[in-house]
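Everything on this sheet refers to the single structure shown next.
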Amino acid sequence: MTDPNRERYRIRETAFYLFTQQSLPACKPVLTPGWVITIFLFMGLIFIPVGLVTLRASHSVVEIVDRYDIECVPESSRIDKISYIQDDSIPKNCSRFMKVRKYMKAPINIYYQLDNYYQNHRRYVKSRSDKQLLHGRKYHDTSSCQPVELNNGQPIVPCGLIAWSLFNDSFTFIRERAELKVNRKNIAWKSDRDHKFGKNVHPFSFQNGTLIGGGKLYPKIPLSDQEDLIVWMRTSALPSFRKLYGRIEEDLDVDDVIVVNLMNNYNTYSFGGKKKLVLSTSSWLGGKNNFLGHACIIVGCSSLVLAIVFTLLHLKYRRPYGDTSYLPWNRKSLSG
Amino acid sequence: MGGGRRRKRSFSRIHAFTCGKASFKGGHSLIGGPGFSRVVYCNDPECFEASLLNYGGNYVRSTKYTLVTFFPKSLFEQFRRVANFYFLVCAVLSFTPLSPYLPVSNVLPLLLVIGATMGKEVVEDWKRKKQDIEMNNRRVEVHQGDDVFEHTKWMDLKAGDIVKVEKDEFFPADLILLSSSYDEAICYVETMNLDGETNLKLKQALDATSNLHEDSSFQNFKAVIRCEDPNANLYSFVGSLEFREEQYPLSPQQLLLRDSKLRNTDYIYGAVVFTGHDTKVIQNSTEPPSKRSKIEKRMDTIVCFLFAFLVVLSIIGSIFFGIATREDQENGKMTRWFLRPDETTIYYDPERATIAAILQFLTALMLYSYFIPISLYVSIEIVKVLQSIFINQDLQMYYEEADKPARARTSNLNEELGQVDTIPSDKTGTLTCNSMEFIKCSVAGTSYGHGITEVERALAWRKGSHLAREMMEVEGKIEEFKEEKLSIKGFNFVDERIMNGNWRNEPRADLIQKFLQVLAICHTTIPEVDEETGRVSYEAESPDEAALVVAARELGFVFYERTQTNISLYEFDPVLGKKVERSYNLLNILEFSSSRKRMSVILRNKEGKLLLLCKGADSVMFERLAKNGQEFVKQTKEHIAEYADAGLRTLVVAYREIDEEEYVEFNEQFTEAKNRVSADREEMIEEVAGNIERDLILLGATAVEDKLQNGVPECIDKLAQAGIKIWVLTGDKMETAINIGFACSLLRQGMNQIVINSETPENKALEKSGEKSAAAVAFKASVLQQISEGKQLLSSLSKKSEAVALIIDGKSLIYTLEDDVRDIFLELAIGCASVICCRSSPKQKALVTRLVKTKTGSTTLAIGDGANDVGMLQEADIGVGISGAEGMQAVMSSDIAIAQFRFLERLLLVHGHWCYRRISSMICYFFYKNIAFGFTIFFYEIYTSFSGQAVYNDWFLSLYNIFFTSLPVIALGVFDQDVSSRLCLKFPLLYQEGIQNVLFSWHRILAWSFNGVLSATIIFFFCIRAIQHQAFREGGEVAGLEVLGTTMYTCVVWVVNCQMAISISYFTYIQHLFIWGGIVSWYIFLIAYGAMDPDISTTAYHVFIEVCAPARSYWLLTLLVLIASLLPYFAYSAIQMRFFPSYHQMIQWIRSDGQSDDPEYCHLVRQRSLRPTTVGFTARFEAKSKSTKERDRGH
């Protein structure tokens, strides 16, 4: 055995000894006032600036929200919106005006927002067949798609409640009589397009049943290219959600008025849901949401306050070194 | 077999008290009747009649399972736990459409948990199996017919076999002694494994069979034994032997029990009567009670509470779900049409909303199962096994001399070690080594012997004064001396004035000579001469007797032979000036008895003079001195008091010369008394003996140290400082017990003693009168009165905060343990600083232990070494066996075995404290992390109209408990230390945290649960507010269900692991590895799982790489949630630590300030004891200094 080997052996021996005797070298931090105050101050000093930056990012986002579900129903039909929306004979087109209040830099994301829509209901979430989406009709076991599984004994592709209830309002945007170009590609996750929705799978027997749910699909286009469906099929986490519709790839100037021609097809009236159209730019953090910024600032401020209060208390009161009188067993014996 | 022949003698001749021969009486008439139906055909086990009886073999099984019963039995054990059963139900339900997740996420953790526990069972049972195999394959010589004896395995023995057992072998089954190497067919038996008594017991075969000395005698031997059926009573046996067509009665005197050992006898022949599970010792072994710690019991309660809480949550959820489902259809029209309420299953049917709600309740029960930590039980078991390994490995509890480490035999009581309140302790072999050492003597008013007792040493150490230095010098001298001479068992006497024959030069050499003669002659030991070296060793009934004979031997009076009538010594004759052989004609032995408290021998010396040599307790001896024999009474009494205070056992030595006439008269009376066959025989003997034991001439006194084990006083002092009460429960005499009480500072001078003793003259008189019931009533009344007197004394003294000790004897204990007296007795006992129960039987020991355990509800730890302590060890919450030289019985039935009493200090104060702290923190933390996780799931349900959709991926759910958060908890449970072992021992009061259960109080459990709810609230609401509906990435993508789930899960993993990091204050590499490793492993898992085929990873596919990792808000949110969730706890603990530190935190302060070596500083924190009245030498020292101060003030 060479010397370095023996040395290593010895070290291993001692380490094992220390381990079994439970006396390994250890870091034993104690919450001394110095540490406590430093940590609080540090937290405060980190989180307040971070909060301010975050808030700024959120404020830099320009967002136009337009609720159209009521306005787009003719006055006369507003009493019974449900029969209006279910009546296929009535044309559903509708025009909305949106005024740009702040300069919006391209790309501008177009979202539709639904409220009170439980895409996260267990029955709804489970009602799909990932295998069928990928492999098409070759995959037969679609029992998970109940109750939208078969139509006259023919399998439905794509099956399941989610696909069946596909959102089918459509929007066109006109600025100063010229149609704005809306890019409807790349709105879905790449992994979904490449690995979850088959390139050779075409819709089959879709929306052919007695009860038509939502939108229809182009029978000739493979599912992997039907991005609206892919977006829709990523179920939302909360009952109020937005989904990406497309992107406007031109800047919008202040006071531009955008005319939106939309087809108000989708029924949210029967369950009291709202429909909104949202145009929004995005910052490095994403969309407009002040919560993150506010929360950071609150956490930072409370850390600072705690630091100050703790310092004051610490300076005012003597440290209770030997004072064992309030320990539980002493308290008990005093009272007893 | 010359030795056997040589030792042939009539024992009944010299001894005053011997038991009479067995005769047909009482129980023998029952033979053949019910309960007494066993028939054994000796030497013919194969005969037709015997095969009809078909008694079981000698195979013994102690394992819990067999190969066949293992699966059903251990599975049953597993699912008896409520939590496991619940998870089993969940696992079954998860295969139905009710399940909110894939079956695997429920089955996998359950399988892991059950598998691990069952694996542990297998390992434990295998150990037992190996022991069984060893035991069953031991060999013994068995008669195979035609006088051939062959070695046969124990397990092949049958009732009726004739076996030959050799010296120092164990008996393989219960045998009837037929004959032995002695002509009188006696044999000596050591029953240590049965009752813990170390002295040898004499057994004697029937005269009828006593002549079967050779193997060949059994060729035609035939006999039939009829006896009682197998039972557990060790001390009774009724049977008869039919031999050569005559009936002989059998009694316990002929019964040799399995597990006892043949001693001092070359061989015996015996007939097997009871085999295997019929033997008395195995009948006696009760199923070891399965003990569970208090913490675990409370934990079960919490699990039940959690379960109730879970049910409540589920009910609330299902009600809301029912309402939402009913509203799905209004006036025949669908509202939430996208759920297709028109074409639905029973689970979502709006028209049958009530049933849907009830089914939803089951779903919710499964979904919220994450509130109940499935891995808690298995984690605790793993942790405890590891903790026990640490206990076993501790070098400071390793007894090098005997190569015995501590051994935690059951691991499920580790944390209970940190909560011990009362220690019922055995004395012999536990506090003491059970070896007596002659250490001092006082002859003719001069005290000899420099030895220092353990007590004196302890006191001196505590004082740290000049005395200690003095002692060091003396000890140095002794050490020097010892180096020259090998240490001799039983002899620790150092004094050059009388050693090596120097006593001749002392002023009263004649008295010293007489004194040593008495020591060498006045006893009942049997010498054994080693033929090679010529050294003499002694076999004595009690070790203190042996110590005196050894002392005489070492000082030049070597007793080497005892015959029927003679005692022979080598002794130094100062007149002749050389060593001579001298033998004394032994006439009578007046034996020791507890009432006489003395023994004498009467002999005739060479000159023909009649001498009575006597030794006895000072209380009886001084009053028997002659007027002219009191020369040194004053000095001797002083010396005796000194010795007693040093914890020594003293005996007064005296002699007298007897006239011929007086002796003749005495002998007549004595013989008459001995031959009497009436009830008052013993009294008669006592009276006659008492008449001659008078007018004695005082020679001096001996002091024998009942040697305390090393470090016992220090250990007791530490334990007393920690607030642990120590009760001594011993089978010894009251005097001995009190001596030891003094020796280990449980008693001290000036302590008020309440003595409850039933051996009062009146009681004796009553007993004699023969009216048993009247005597019992009177006894009880007197005991009651003594108790109430004691209580009065106690209440008056407790105001003055003076310590009181309670000493009670076994007979009184019988009455105090009766139902109506128990409570008052206990009240009295609890008020006393120390309690000593003497003359208590094994059963009483167990009863006292049970009384303390059940009535006060505090944790008891029984410690003992002998089989007589087994009951106590099993009854107590924790049984600690001393694995000393004694038998293994106590160790086998103990929960933890240590080699020395002093290791108890480290076992309790260090390991106990740590284990208690670890387990309780661990459980609290477990509930915290599961509540935090469970609530995020529940909160999410609010946003899914309680449909039962889990926010997390199925695999995230199942791996939470068994992977990402389990290792840090186990690290906490195995390695955490609040205070280092050195400081644990320096501040024993820290132990009170366990006794008062500070760390596992309801208060603390609730606080941790609340913290869990708080964390969950912060995590959940921060996440859903931050990831609302807006884009969460620069590219404008919005977050779906899988993103929210992943983000929230990331936050939970971070928060829960970091919460662990800030709540412990001990980081080794292991902690770092596990805590940070837990977090890192989550990311690794997420990447690996996300990279798998979408079939497997489903919603988690590429979720981290593609979606979350590039999103800055994901990282920022994680950081924010982490800090926000930890901030409340951090602020709380900072304030608590600074302004209301608990005891361990105070010690942490001291350590971190580097002032743990500053004695004055420590003194501030180091409250010496919980109560002002306590025991231990610290208290003794304080009491002493207090009284000195008072005296000074008085002057």
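If you scan the stretch A:89-126, which residues turn out to be surrounded by fewer than 15 Cβ atoms within 10 Å (Cβ to Cβ) and in contact with a helix residue (DSSP H, G or I) (Cβ under 7 Å, 6 or more places away or on another chain)? Passing the criteria: only A:I90.
When B:D147, B:D183, B:D168, B:D174 are checked against the criterion of being at pLDDT below 80, under 30 Å from B:P543 (Cα atoms) and charged (D, E, K, R), a single residue qualifies: B:D183. Considering the conditions (1) over 15 Å from B:L431 (Cβ atoms); (2) in contact (Cβ under 8 Å) with a residue 24 or more places away in the chain, B:R681 is excluded by exactly one of them, (2). Determine whether B:P1128 is part of a loop (DSSP other than H, G, I, E, B), in contact (Cβ under 8 Å) with a residue 40 or more places away in the chain, more than 9 Å from chain A (Cβ to nearest Cβ) and not hydrophobic (A, V, I, L, M, F, W, C). Criteria not met by B:P1128.
Scanning the stretch B:1041-1055 turns up no residue that is facing chain A (nearest Cβ under 9 Å), within 39 Å of the chain's Cα centre (by Cα), farther than 20 Å from A:Y245 by Cα and small (G, A, S). If the condition is being away from chain A (no Cβ under 11 Å), surrounded by fewer than 19 Cβ atoms within 10 Å (Cβ to Cβ) and part of a loop (DSSP other than H, G, I, E, B), then the stretch B:373-404 contributes B:E400, B:E401, B:A402, B:D403.
Strands (runs of 3 or more DSSP E) fully within the stretch B:123-196 that include at least 1 residues being closer than 14 Å to B:G276 by Cα: B:149-153, B:174-180. Just one residue in the set B:I282, B:I358, B:I346 is of a type in the set (V, I, T) and within 14 Å of chain A (Cβ to nearest Cβ); that residue is B:I346.
Out of B:F939, B:F927, I need the residue that is surrounded by fewer than 24 Cβ atoms within 10 Å (Cβ to Cβ) and in a helix (DSSP H, G or I). Which one? If you could, list the steps in order and put the result at the bottom.
Details: B:F927 fails: surrounded by fewer than 24 Cβ atoms within 10 Å (Cβ to Cβ).
Sole residue among the options that is surrounded by fewer than 24 Cβ atoms within 10 Å (Cβ to Cβ) and in a helix (DSSP H, G or I): B:F939.
Condition first: facing chain B (nearest Cβ under 7 Å) and among the small types (G, A, S). Now tell me which residues in the stretch A:281-301 satisfy that. Let's see the steps before the verdict.
So in the stretch A:281-301, the residues facing chain B (nearest Cβ under 7 Å) come out as A:282, A:284-289, A:291-292, A:295-296, A:299.
A:S282, A:G286, A:G287, A:A295 - these are the residues of the stretch A:281-301 that are facing chain B (nearest Cβ under 7 Å) and among the small types (G, A, S).
B:P1141 fulfils the conditions (1) farther than 30 Å from A:F16 by Cβ; (2) in a helix (DSSP H, G or I) except for a single criterion, (2).
If I filter the stretch A:20-28 for residues that are part of a helix (DSSP H, G or I), outside the structural domain of A:V231 (by TED's automatic domain parsing) and farther than 30 Å from A:V299 by Cα, do I get at least one hit? Within the stretch A:20-28 (the criterion being part of a helix (DSSP H, G or I), outside the structural domain of A:V231 (by TED's automatic domain parsing) and farther than 30 Å from A:V299 by Cα), the answer is yes, since at least one residue qualifies. Please verify whether the stretch B:971-985 includes one or more residues that are at pLDDT below 90, more than 12 Å from every other protein chain (Cβ to nearest Cβ) and assigned to a loop (DSSP other than H, G, I, E, B). Checked against the condition, which is being at pLDDT below 90, more than 12 Å from every other protein chain (Cβ to nearest Cβ) and assigned to a loop (DSSP other than H, G, I, E, B), the stretch B:971-985 yields no hits at all. Could you check the stretch B:213-255 for strands (runs of 3 or more DSSP E) lying wholly inside it with 3 or more residues that are touching a Gly at 6+ places or on another chain (Cβ under 7 Å)? Where strands (runs of 3 or more DSSP E) fall fully within the stretch B:213-255 and carry at least 3 residues being touching a Gly at 6+ places or on another chain (Cβ under 7 Å), they are B:223-227. Every condition in (1) more than 11 Å from chain B (Cβ to nearest Cβ); (2) not in a loop (DSSP other than H, G, I, E, B) is met by A:Y124 except one, and the failing one is (1).
Residue by residue, here is whether (1) surrounded by fewer than 19 Cβ atoms within 10 Å (Cβ to Cβ); (2) under 23 Å from A:M43 (Cα atoms); (3) not assigned by the TED database to the domain that holds B:A932 holds:
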position	(1), (2), (3)
B:Q1071	no, no, no
B:G1077	yes, no, no
B:A1088	yes, no, no
B:D1095	yes, no, no
B:T1098	yes, no, no
B:Y1101	no, no, no
B:P1110	yes, no, no
B:W1115	yes, yes, no
B:L1119	yes, yes, no
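Is it true that A:Y245 is of a type in the set (S, T, Y) and either surrounded by fewer than 20 Cβ atoms within 10 Å (Cβ to Cβ) or outside the structural domain of A:G273 (by TED's automatic domain parsing) (or both)? Full working, then the answer.
Working: of a type in the set (S, T, Y): yes; either surrounded by fewer than 20 Cβ atoms within 10 Å (Cβ to Cβ) or outside the structural domain of A:G273 (by TED's automatic domain parsing) (or both): no.
Considered against the rule, which asks whether it is of a type in the set (S, T, Y) and either surrounded by fewer than 20 Cβ atoms within 10 Å (Cβ to Cβ) or outside the structural domain of A:G273 (by TED's automatic domain parsing) (or both), A:Y245 comes out as no.
Within the stretch B:405-421, the set of residues being surrounded by fewer than 24 Cβ atoms within 10 Å (Cβ to Cβ) and within 13 Å of B:L904 (Cα to Cα) comprises B:P405, B:R407.
If you check B:L1014, B:L1006 for being surrounded by fewer than 24 Cβ atoms within 10 Å (Cβ to Cβ) and under 38 Å from the mean Cα position of the chain (by Cα), only one passes: B:L1006. Of all the numbered requirements in (1) closer than 26 Å to A:V299 by Cβ; (2) more than 7 Å from chain A (Cβ to nearest Cβ), B:L1117 misses one, and that requirement is (2). For residues that are in a loop (DSSP other than H, G, I, E, B) and within 20 Å of A:F271 (Cα to Cα), tally how many sit in the stretch A:69-104. Counting residues in the stretch A:69-104 that are in a loop (DSSP other than H, G, I, E, B) and within 20 Å of A:F271 (Cα to Cα) gives 9.
When A:F167 is evaluated against the numbered criteria (1) over 30 Å from B:T345 (Cα atoms); (2) at pLDDT 90 or above; (3) within 25 Å of the chain's Cα centre (by Cα), which criterion, by number, is the only one it fails? Of everything listed in (1) over 30 Å from B:T345 (Cα atoms); (2) at pLDDT 90 or above; (3) within 25 Å of the chain's Cα centre (by Cα), A:F167 misses just condition (1). Considered as a group, the residues in the stretch B:1083-1096 that are within 21 Å of B:A1039 (Cβ to Cβ) and facing chain A (nearest Cβ under 10 Å) include one that is modelled with the lowest pLDDT, and that residue is B:P1094. Against the condition among the hydrophobic types (A, V, I, L, M, F, W, C) and within 14 Å of another protein chain (Cβ to nearest Cβ), how does B:F320 come out, does it pass? In short, yes.
Taken over the stretch A:210-267, the criterion of being basic (K, R) and part of a strand (DSSP E or B) is satisfied by A:R242, A:K243, A:R247. One residue stands out among those in the stretch A:127-142 that are surrounded by 22 or more Cβ atoms within 10 Å (Cβ to Cβ) and not in a loop (DSSP other than H, G, I, E, B): the one that is farthest from the other protein chains (Cβ to nearest Cβ), which is A:Q132.
So, A:K138, is that one at pLDDT 85 or above and out of contact with any strand residue (DSSP E or B) (no Cβ under 6 Å at 6 or more places or on another chain) or not? No; evaluated as a whole, the condition is false for this residue.
Quick check: anything in the stretch B:325-332 at pLDDT 85 or above, surrounded by fewer than 22 Cβ atoms within 10 Å (Cβ to Cβ) and either within 56 Å of the chain's Cα centre (by Cα) or part of a helix (DSSP H, G or I) (or both)? Scanning the stretch B:325-332, I find at least one residue that is at pLDDT 85 or above, surrounded by fewer than 22 Cβ atoms within 10 Å (Cβ to Cβ) and either within 56 Å of the chain's Cα centre (by Cα) or part of a helix (DSSP H, G or I) (or both), so the answer is yes.
Provide a single number: the residues in the stretch B:333-343 that are in a strand (DSSP E or B) and either more than 10 Å from chain A (Cβ to nearest Cβ) or at pLDDT 85 or above (or both). Show your work before the answer.
First pass over the stretch B:333-343, keeping only residues in a strand (DSSP E or B): B:333-334.
Adding the requirement that they be either more than 10 Å from chain A (Cβ to nearest Cβ) or at pLDDT 85 or above (or both) leaves none.
The qualifying residues number 0.
The values are calculated or read from the model by the stated rules, or taken from the named source; none is laboratory data. What you are looking at is a predicted structure, and each value in this text was computed from that prediction instead of being measured. Cβ sites come from the backbone with ideal geometry, for glycine too, and all protein chains shown count toward neighbours.
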